[in-house]
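Participant: For reference, the structure I am asking about is given below.
The values are calculated or read from the model by the stated rules, or taken from the named source; none is laboratory data. For clarity, every value in this text was computed on a predicted model and none was experimentally measured. Here the Cβ positions follow ideal geometry from the backbone for every residue, glycine too, while neighbour counts run over all protein chains shown. Just the protein is used for accessible areas: all its heavy atoms, side chains included, with ligands, DNA and RNA removed. Shrake-Rupley method; radii C 1.70, N 1.55, O 1.52, S 1.80 Å.
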Amino acid sequence: MATEILSPRALNRATLARQLLLDRSDLPAISAIEQLAGLQAQAPDASYVGLWSRLRNFQADELAKPLAAREVVRSTLMRGTVHLVTADDCLALWPTVKPVVERGFLGHYSREIAGLDLAAITEAGRALLAARPRTRAEIRSALAERWPDADPATLAYAVNSHLPLAHVTPRGLWGRSGPVAFSLLDEWVGKPITDGISLDDLVLRYLTAFGPATVRDAQVWSGLTKLKEVFERLRPRLRTFTDTEGKELFDLPDAPRPDAETPAPPRFLPEYDNVLLSHADRVRVIPDGRRVPLPPGNGGRKGTLLVDGEFLAIWAIAGATLTIESRKPLPDRDSITEEGIRLLEFVVPGQRHEVRFGIGG
């Protein structure tokens, strides 16, 4: 039997379905975060917009409350980037992706760290954080006293990259702010670090959230290498396809793969949403190869717009006005405007809202 070929549009609809972007879900926020294998969360408020676009009638407290209760956390995980995940997932993911985070640090700071005792620096950082949460500046200052000849920033990043840490609240709570501060993960959530999720289970979690996908896709999402043998071990449990370029795709047999012509409504995503970043070949969502923007700030007021499932525009909220910029005029502006008004009602409620379109981006 010939292997079924999946077009970019078919892959788009499958990924949107897994990412709850075809139809909003009634899942609780914590369950959605788990199903999505986490949300990219460099900007602390971005995850609120990410969940608002995916969950029906989502309210900010549905994330803020479990964050305050330490049931979900922000931590450096896949690709060495900050993710929002459940506390249990974080405890399991850290040991498995730790080599990725450490490798990223050494790739940037190998010259600065040469000749220093990295284990001693890590343990000094652990002792600091065992006492109380600390900002990076506090970590930098304390370690500089012990290693006065070393670059202070390198010392702080060494601690961030070699210990399982959680970003502490109130930063990350909707409508509130605070400095970027860190706690030891196990102390923050009150549970021990596990032995780590197996690579088999990690790949299955990835396919649940982002499949169908290639081996290379899973490696880009996780930052791990040499996953081919994992896919080969799982092959009897998976279904295979090919894309239009002949690359082999893997998927769970019973995972949703909607018809390629399934309507995809406009969706406002926060900056750096995982749906745009979790494949080596991003053509399924970014047909023109444009760069995914990461604007500065707390997040929640800038991002990207999917139109018919594709990243075609960027958006920003200033005051009570939503401005949408695209490289060419967008189709179905009425539907985009309606969704944009709903976004404004979530981000800046109780005001007179306006949606504007422009050419740019």
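Participant: Along Cα→Cβ, 7 Å out, is where each label goes; now give me the distance between the ones at Asp151 and Lys228 in nm to one decimal.
Facilitator: Calculated label separation equals 3.5 nm.
Participant: Report the antiparallel proportion of the DSSP beta bridges in region 274-361 as a percent, rounded to a multiple of 5.
Facilitator: Numbers: 12 of 18 bridges.
Among the beta bridges of region 274-361, antiparallel pairing accounts for roughly 65 percent.
Participant: Hey, can you find the accessible area per residue of the chain for me, probe 1.4 Å, expressed in square angstrom?
Facilitator: I get 44 Å² per residue for the chain.
Participant: Can you tell me which lysines have their Cα less than 27 Å from the Cα of Lys302? Leave out same-chain residues fewer than eight positions away.
Facilitator: Straight-line reach from Lys302, under 27 Å: Lys65, Lys328.
Participant: Less than 21 Å apart at the alpha-carbon level, and either on another chain or at least 8 residues along: which lysines does that give for Lys226?
Facilitator: Within the straight-line cut-off, Lys226 pairs with Lys98, Lys247.
Participant: Between Ile193 and Thr122, what FRET efficiency follows from the Cβ-Cβ distance if R0 is 25 Å, with the result rounded to 0.05? Could you put the intermediate results ahead of the total?
Facilitator: Details: r = 14 Å, r/R0 = 0.58.
Step by step, r from the Cβ atoms, then E = 0.95.
Participant: Carbon and sulfur: what percent of the chain's accessible surface (1.4 Å probe)?
Facilitator: 50
Participant: Sticking with this structure for a sec: Can you tell me the orientation of helix 87-113 relative to the chain, as the angle in degrees between its alpha-carbon axis and the longest Cα principal axis, to the nearest 10?
Facilitator: 70
Participant: Relative to the present Cα-Cα distance, how much length would full extension add between Asp308 and Glu325 at 0.36 nm per residue of separation?
Facilitator: 4.5 nm
Participant: Let me ask something additional. Given labels modelled 7 Å from the Cα in the Cβ direction, how far is it in nm from Asn160 to Leu294?
Facilitator: 1.1
Participant: Taking the Cα centre of the chain as origin and charging only Cβ (+1 Lys, Arg; -1 Asp, Glu), how large is the dipole, in debye to the nearest 20?
Facilitator: Rounded to the nearest 20 debye, it is 500 debye.
Participant: Positive end of the dipole of region 1-54, charges at C-beta (+1 Lys, Arg; -1 Asp, Glu), about the Cα centre: which of Ala32, Tyr48, Ser7 has its Cα farthest in that direction?
Facilitator: Of the options given, the answer is Ser7.
Participant: While we're looking at this one, here's another question. Hey, with R₀ at 56 Å, roughly what FRET efficiency would Glu248 and Ala144 work out to, going by the Cβ-Cβ distance, to 0.05?
Facilitator: Numbers: r = 50 Å, r/R0 = 0.90.
Calculated transfer efficiency: 0.65.
Participant: What FRET efficiency, computed as 1/(1 + (r/R0)^6) with R0 = 22 Å and r the Cβ-Cβ distance, is obtained for Ser7 and Asp200, rounded to the nearest 0.05?
Facilitator: Details: r = 29 Å, r/R0 = 1.31.
Taking R0 as 22 Å, the efficiency between Ser7 and Asp200 is 0.15.
Participant: Please give, to one decimal in nm, the separation of the simple spin-label points placed at Ala316 and Arg176, each 7 Å out from Cα toward the Cβ.
Facilitator: So the label points at Ala316 and Arg176 sit 2.9 nm apart.
Participant: Now a separate question. How high is the relative contact order of the chain, given as a whole-number percent (alpha carbon pairs under 8 Å, six or more residues apart)?
Facilitator: 21
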